[in-house]
Amino acid sequence: MRGAKVSVRDLRKRYGAVKALDGVTFDVESGEYFVILGPVGSGRSTLLKCIAGLERPDSGDILFDGESVLGLPPEKRLAGYMPPGYALFPHMTVWENVAYGLWIRGYPRREVEERVEEALKLVGLLHRADSYPHQLSGGQRQRIALARALASGARVLLLDEPLTALDAVLTLEVRREVRRLAKSLGLTVIHVTHNQEEAMAVADRVAVMRRGRVEQVGSPEEVYFNPLTPFEAKFVADANLLPGKLVEVEGASGVAEVEGLGPVRVLHRGLAAGAEVLVAVRPESIRVGGSRFRGKVLDLSHLGHTLRLWVEVGKLRLRVDTEPVLGLKPGSEITFDLDEPLLAFEYSSWEGEGVE
Ligand code: ADP
Ligand code: MG
């Protein structure tokens with residue numbers, strides 16, 4: 001099997017006054033595991049449904065292997081859409097769930113049997129064919145939903161928030177498994193999530209979506225370490241966005257005077273001295289124990305291997321991730337350094353809901 005190359009061209013879709021898709025363009029290579037990362041309401045489900053043929057875009061085009069599929073009904077597109085929560089039928093067995101889509105399309109019985117058996121074998125659950133969904137683990141239900149898409153002959157898997165119904169530990173396993181299965185079958189996958197960690201863990205490439213637009217497409221490292229917009233820096237890497245002013249410029253580097261911190265070395269994209277900026281400081285690029293800056297711990301929370309601190313520095317509140325430090329508590333004074341250079345964005349590019 002070979003997954004289709006998927007090309008999305010200037011796709012637009014409105015619901016009344018809401019621009020769910022506002023000119024979306026990208027390519028997904030055959031066999032690629034592509035993740036759409038964006039907040040709730042950014043247009044991700046609308047995009048997947050347009051690709052699946054369940055919604056009709058107002059304009060733009062969708063091509064599989066270079067051929068427009070807009071004129072094709074969903075079942076002819078060979079794109080399997082998996083809605084959030086996978087929508088398995090609780091009163092049907094595993095076998096019936098996988099077969100259902102083929103029955104309603106009127107496939108001959110022999111072919112249904114062959115396809116269902118093959119798909120259940122691929123996901124390793126043929127031995128559970130007579131079970132009901134509630135008798136399976138979350139991970140197994142996920143695989144049934146995959147089997148259903150595979151049985152329908154999908155060459156493109158469209159996974160809409162596929163892991164939200166699972167608990168944290170299971171999620172780690174299942175996301176690896178879904179990726180491995182898709183890769184072994186050569187399928188093209190477009191996987192939607194709001195969870196940046198999930199995106200980083202499974203994606204070959206990530207598209208960051210906001211308000212019906214794609215802000216950046218790149219490798220997980222690119223979107224994490226080199227975001228194009230302050231929104232992305234915050235959404236993908238949870239960066240602190242600190243207001244300041246660019247005071248020195250030399251090519252793409254410079255110095256920004258950050259309110260409450262002082263001068264820091266920055267990288268920027270074509271800004272001039274005097275520009276109002278937002279300096280992005282990722283929580284883990286703040287080095288607790290350094291000597292340059294001082295702050296006071298407001299609150300702290302253990303996140304497994306890292307310790308998340310909320311630190312007050314003058315009027316600033318910084319999110320800080322550090323290795324666990326013994327004896328820290330609310331009220332503790334700390335010192336820290338910053339990993340420079342930091343990224344500086346034009347202040348006006350934020351268009352956000354207030355800076356923190
Ligand atoms: P996401 O999946 O990223 O959460 P959606 O694609 O579901 O986002 O929705 C994008 C925007 O379009 C939201 O503002 C949503 O309220 C709106 N929207 C989606 N589907 C419909 C619909 N059928 N009717 C009206 N508005 C819709
Ligand atoms: Mg959605």
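Can you give the FRET efficiency for His302 and Asp337, using 1/(1 + (r/R0)^6), R0 = 30 Å, r = Cβ-Cβ distance, to the nearest 0.05?
Values: r = 23 Å, r/R0 = 0.76.
Calculated value: 0.85.
Can you tell me, using C-alpha contacts under 8 Å and at least 6 residues apart, the relative contact order of the range 178-285 as a whole percent? Before the final figure, lay out each step's value.
Numbers: 160 pairs, mean separation 19.9, N = 108.
With pairs under 8 Å counted, the relative contact order is 18 percent.
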How much length would be gained if the chain were fully extended between Arg294 and Arg12, taking 0.36 nm per residue of separation minus their Cα-Cα distance, in nm to one decimal? 96.7 nm
Dipole check, the range 6-230, charges on Cβ (K,R +1; D,E -1), about Cα centroid: among Gly153, Leu102, Ala129 the Cα furthest to the positive pole belongs to Leu102
How much mean residue ellipticity at 222 nm does the chain get from its helices, if each DSSP H run of length 4 or more adds -39500 (n - 2.57) and you divide by all residues, to the nearest 500 deg cm²/dmol? -7500 deg cm²/dmol
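In the range 247-356, which trypsin sites (Lys or Arg not before Pro) fall in coil by DSSP and have 10 or fewer other Cβ atoms within 10 Å?
On the way: sites: Arg265, Arg269, Arg287, Arg292, Arg294, Lys296, Arg308, Lys315, Arg317, Arg319; in loops: Arg269, Lys315.
Sites meeting the loop and neighbour criteria: Lys315.
Per residue, what accessible area does the chain have, given a 1.4 Å probe and all protein chains present, in Å²?
Numbers: 16590 Å² over 356 residues.
It amounts to 47 Å² per residue over the chain.
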For the chain, with a Gaussian network of springs between Cα atoms less than 10 Å apart, report the residue from Ile286, Ile62, Ile51 with the top mean-square fluctuation. Ile286
Would you rank His305, His127, His191 by solvent-accessible area, highest first, keeping every protein chain in place and using a 1.4 Å probe? His305, His127, His191
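So which of Lys19/Lys49; Lys5/Lys49; Lys245/Lys296 end up more than 22 Å apart, counting from Cα to Cα?
Values: Lys19/Lys49 15 Å; Lys5/Lys49 17 Å; Lys245/Lys296 24 Å.
Correct reply: Lys245/Lys296.
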Tally Lys and Arg at +1 and Asp and Glu at -1 over the other residues with C-beta under 12 Å from the C-beta of Ala275: what net charge comes out? -2
Take the chain, connect every pair of alpha-carbon atoms lying under 10 Å apart with a spring to form a Gaussian network, then pick out the residue of Leu267, Leu326, Leu278 with the largest mean-square fluctuation. Leu326
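Considering only the other residues whose Cβ falls under 15 Å of the Cβ of Lys245, what net charge follows from Lys and Arg at +1 and Asp and Glu at -1?
Details: positive: Arg265; negative: Glu248, Glu257, Glu259, Glu276, Glu346.
Neighbourhood net charge equals -4.
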Taking springs between alpha-carbon atoms closer than 10 angstrom, which of Val202, Val223, Val40 fluctuates most in the Gaussian network model of the chain? Val40
Considering only the other residues whose Cβ falls under 10 Å of the Cβ of Pro84, what net charge follows from Lys and Arg at +1 and Asp and Glu at -1? -2
Taking 8 Å as the Cα distance limit and 6 or more residues as the minimum spacing, I'd like the relative contact order of the chain as a percentage. 16 percent
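The values are calculated or read from the model by the stated rules, or taken from the named source; none is laboratory data. A quick note: this is a predicted structure, and the numbers were derived from the prediction, not measured. Cβ coordinates were reconstructed from backbone atoms using ideal geometry, including for glycine residues, and neighbour counts include every protein chain displayed. Side chains are part of the model used for accessible areas, which takes the heavy atoms of the whole protein and leaves out ligands, DNA and RNA. Shrake-Rupley method; radii C 1.70, N 1.55, O 1.52, S 1.80 Å.
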